[in-house]
Amino acid sequence: MNRLADELQSLSTKPGLPSAPPCKVGIATLGCKVNRYESAALEEDLHKKNFLLVPFNAVADVYIINTCTVTAFSDWQSRQLIRRAHKTNPQAKILVTGCYAQISPQEIAAQDGVTMVVGNDLKNQIAALLQNNIDISSSRVFTNDVCLQEKFCNMPIATFGDRTRAFLKIQDGCNSFCSFCIVPFARGKSRSLASQEVFAALTKLTQKGYKEIVLTGIHLGIYGHDLKPATNISLILQQIGDRNEDTRIRLSSIEPREVTPDLLNIFQNSDLLCPHLHIPLQSGDDTILQLMKRNYDSHFYRNLIDRVHSTISNVAIGVDVMVGFPSESEKQFENTLNLLNNLPVAYLHVFPYSPRPGTAAEKLQPRIPQAIKNERATILRNLSTQKREKFALRFLGKPLNVLVESTKDKKTGLLKGFSQNYLPFLLDGNFSSSVNKIVTIKAEKYLNGKLYGKITAE
């Protein structure tokens, strides 16, 4: 039962918060692109309802913290943000939402200063809650069993602040239940945004002038499987391409088994998609992959990456990898290191294993000491630095298309941007004439993780 919706309905005739002076709201967001999209949609909804958005570190009347719970460190960060908000203004109302709020609502409600906890499936009602001035003088919890959620919780968005790149959430939830992952418990089963609503959202964003849109989801590769009639990520991308929208599309993370020949064919034959794929590995050892309940082995992954690399010109391949999973031996870690060392990937995202309550891996033994996890993470992060540099150096002296961002680099004063294959650039050029444009550049040098170049054509 949606108690928050019921309460909003019963209070619809009551006066809201005063319109003068406007209620000041600060929002902090942790975690993934989906969370960032949902916070941006919430900001837009609040703005429409005449709330004044202020930086999270400013004095506000209401603080909203959109949490993540993928690791124990994420939980700690969320609690730190609660403490920071309460210290900044002890009289402020603090609303906590997101995945940590969904998984551990009572734990959050017990934190000093917290006045309301709102689950993921009710996140789209927060602005209405504030507008109707529901009494939150004492800590209250509104969460449902998200695993029973059948419909995609749409939070439409028309603009993404002053950014040049917009996110669009088209999928939520996950059906995989990998043994280390709490996300299915926090997000529920897979749910997709209807195709026509995807097209409408893309049109709205392109009309606002966004030159790059990142399609996001919790398990993006199974987009559309739940719709009637069913569709899939390749088909929706093909349909987007047929509409000739004036933008480029980037995909967020996609699982190995979902990088299909149809998807690769779209990358190969269309200018729509940025040549960039983020494909999680997690481990390069087959025994560990089985314990993780992943649906592939190292041989499959190696062949997939080689196929992607040979099929998509200049592709950047990113990889998620976990170290210190329970029972991971030194030899098993070396299997991961050796696999990654020999793969043509552009960068790694490295995560030490963090036990999550209620997951299958929480009971696995032996646990790997934190010092060993840190040591292994450092080794892989150093490898990532080497991979980034090697990939970037391939493009010195070559033309690339770069989307110029709306802010300059603070240290150098140069323009900032990302190439279509996700290389960060610092550029010489005229800010006013180049911002939010895809320009052709020539890379001249690589320094401190970034390429430097000059604009050769606009």
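Would you confirm whether or not the range 54-65 contains a residue that is closer than 30 Å to Ala361 by Cα and at pLDDT 95 or above? Yes. Candidates in the range 382-395 are the residues that are surrounded by fewer than 16 Cβ atoms within 10 Å (Cβ to Cβ) and charged (D, E, K, R); of these, the one that is nearest to Pro275 (Cα to Cα) is Arg394.
For the residues Lys416, Lys411, the requirement of being at pLDDT below 95, buried (at least 18 other Cβ atoms within 10 Å of the Cβ) and more than 25 Å from Ala186 (Cβ to Cβ) singles out Lys416.
Looking for whichever is in contact with a helix residue (DSSP H, G or I) (Cβ under 9 Å, 6 or more places away or on another chain), closer than 18 Å to Ala60 by Cα, assigned to a helix (DSSP H, G or I) and at pLDDT 95 or above here; the options are Ile108, Ile82. Which one fits? Break it down into steps so the answer makes sense when it comes.
Values: Ile108 fails: closer than 18 Å to Ala60 by Cα.
Sole residue among the options that is in contact with a helix residue (DSSP H, G or I) (Cβ under 9 Å, 6 or more places away or on another chain), closer than 18 Å to Ala60 by Cα, assigned to a helix (DSSP H, G or I) and at pLDDT 95 or above: Ile82.
Ser298 meets all of the listed conditions (1) of a type outside the set (A, V, I, L, M, F, W, C); (2) at pLDDT 95 or above; (3) surrounded by fewer than 14 Cβ atoms within 10 Å (Cβ to Cβ) but one, namely (3).
Per-residue answers, yes or no, for (1) hydrophobic (A, V, I, L, M, F, W, C); (2) within 25 Å of Val214 (Cβ to Cβ):
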| position | (1), (2) |
| --- | --- |
| Leu251 | yes, yes |
| Arg257 | no, yes |
| Thr260 | no, yes |
| Gln268 | no, yes |
| Asp271 | no, yes |
| Ser283 | no, no |
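Of all residues in the range 322-348, those that are out of contact with any helix residue (DSSP H, G or I) (no Cβ under 8 Å at 6 or more places or on another chain) and of a type outside the set (S, T, N, Q) total 4.
A single entry from Phe351, Phe333, Phe325 fulfils the requirement of being of a type outside the set (Asp, Glu) and touching a strand residue (DSSP E or B) at 6+ places or on another chain (Cβ under 6 Å): Phe351. Only one of the numbered conditions (1) more than 24 Å from the chain's Cα centre (by Cα); (2) outside any loop (DSSP other than H, G, I, E, B) is not met by Gln365, and that is (2).
Candidates in the range 20-46 are the residues that are more than 30 Å from His219 (Cα to Cα) and in contact with a strand residue (DSSP E or B) (Cβ under 7 Å, 6 or more places away or on another chain); of these, the one that is surrounded by the fewest Cβ atoms within 10 Å (Cβ to Cβ) is Pro22. The one condition from (1) modelled with pLDDT under 95; (2) more than 19 Å from Thr71 (Cα to Cα) that Asn382 does not meet is (1). Scanning the range 266-302 for residues that are in a helix (DSSP H, G or I) and closer than 25 Å to Arg376 by Cα turns up Asp286, Thr287, Ile288, Leu289, Gln290, Leu291, Ser298, His299, Phe300, Tyr301, Arg302. When both residues are 6+ apart or on different chains and their Cβ atoms are under 6 Å apart, which pairs have a first residue that lies in the range 232-259 and is under 18 Å from Ala166 (Cα atoms), and a second that is part of a loop (DSSP other than H, G, I, E, B) and modelled with pLDDT of 95 or more? Qualifying pairs under 6 Å: Arg248/Cys274; Arg250/Cys274.
The values are calculated or read from the model by the stated rules, or taken from the named source; none is laboratory data. What you see is a predicted model, and the numbers here were worked out from it, not measured in a lab. Backbone-built Cβ (ideal geometry, glycine too); neighbour counts: all protein chains shown.
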